[in-house]
Amino acid sequence: MSAELYLLTPIYQYVYEHYGNSFNHFPLIRLIFYSLDKTIIYFLIFAVLRGLYLRVKKRRFNWQHELLLGLFVFYVLLLLALTVFRGIYFPWQIKLYLHRSLSEINLTPFVETLKLQNGLSNLDFIYNLYGNIAWFVPFGFLLPLLRRKRGFLITVFSGAVLSLMIETIQFFIGTGVTDIDDLIFNTTGALLGYLLFWLCCHRKYSHH
């Protein structure tokens, strides 16, 4: 874990001092704080670059589109901070482990998830199963809103590709366990997100 917080230090210290001993899984809380801290900083960088791009290109500023794009970018940055770049704040801190054995990758579905179900803590099982699904629901919902072609297959496929990218990078920089279950659950989340998008749009247009 990175040794510093740059924006959320006072809030984190308050939570740690008052609730640090109350949570059995406080490392998860700490991970969320560090991930949010990184996400905010890199999102501000994106916002500045996006503003400069629109100015240079003399593009018309569409508030609705830019807010939606900003929300999507913030979500993706947070997702990457929580999964791929745990403990990594800056690009030069990345270390590659190119000689890892492929035998470390779990390609048998649901084996590790079932092990967690029989573990000492239900939180690990719940987070691994439902958390991996829930984290990709926003992807399946927001991507069709940003694209003109709002297809089901392209959305779910894009979610699967993003998940595969995360698992692959995790493997080579050693920041997580590469597991087929994550790919299955993430893709399921993207699928559910698209269904939620479809239901919202169907209801919206059915009222007109």
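Say we look at region 97-128 and pick out the residues that are under 30 Å from Leu199 (Cβ atoms) and at pLDDT 85 or above; which of these is surrounded by the fewest Cβ atoms within 10 Å (Cβ to Cβ)?
Pro109
Is there a residue in region 156-178 that is in the same structural domain as Trp198 (by TED's automatic domain parsing), farther than 19 Å from Leu77 by Cα, out of contact with any Cys (no Cβ under 7 Å at 6 or more places or on another chain) and among the charged types (D, E, K, R)?
No, every residue in region 156-178 fails to be in the same structural domain as Trp198 (by TED's automatic domain parsing), farther than 19 Å from Leu77 by Cα, out of contact with any Cys (no Cβ under 7 Å at 6 or more places or on another chain) and among the charged types (D, E, K, R).
Say we look at region 81-96 and pick out the residues that are in a helix (DSSP H, G or I) and touching a helix residue (DSSP H, G or I) at 6+ places or on another chain (Cβ under 7 Å); which of these is surrounded by the most Cβ atoms within 10 Å (Cβ to Cβ)?
Across region 81-96, the extreme among qualifying residues is Ala81.
Out of the residues in region 15-55 that are more than 23 Å from Leu77 (Cβ to Cβ) and exposed (fewer than 11 other Cβ atoms within 10 Å of the Cβ), which is modelled with the lowest pLDDT?
Asn24
Residues of region 97-136 being part of a loop (DSSP other than H, G, I, E, B) and closer than 20 Å to Thr168 by Cβ, which ones? First the steps, then the outcome.
From region 97-136, those part of a loop (DSSP other than H, G, I, E, B) are 97-101, 105, 107-110, 118-121, 135-136; that's our starting set.
Those that are part of a loop (DSSP other than H, G, I, E, B) and closer than 20 Å to Thr168 by Cβ: Tyr97, Leu98, His99, Arg100, Ser101, Ile105, Leu107, Thr108, Pro109, Trp135, Phe136.
Among the residues of region 31-64, what is the count of those that are more than 30 Å from Glu167 (Cα to Cα) and assigned to a helix (DSSP H, G or I)? Break it down into steps so the answer makes sense when it comes.
So in region 31-64, the residues more than 30 Å from Glu167 (Cα to Cα) come out as 51-64.
Next cut, assigned to a helix (DSSP H, G or I) only: 51-57, 63-64.
Of the residues in that region, 9 qualify.
The values are calculated or read from the model by the stated rules, or taken from the named source; none is laboratory data. Here the structure is a predicted model, which is why all the values come from computation and not from measurement. Glycine gets a Cβ as well: all are built from the backbone with ideal geometry, and neighbour counts include every protein chain shown.
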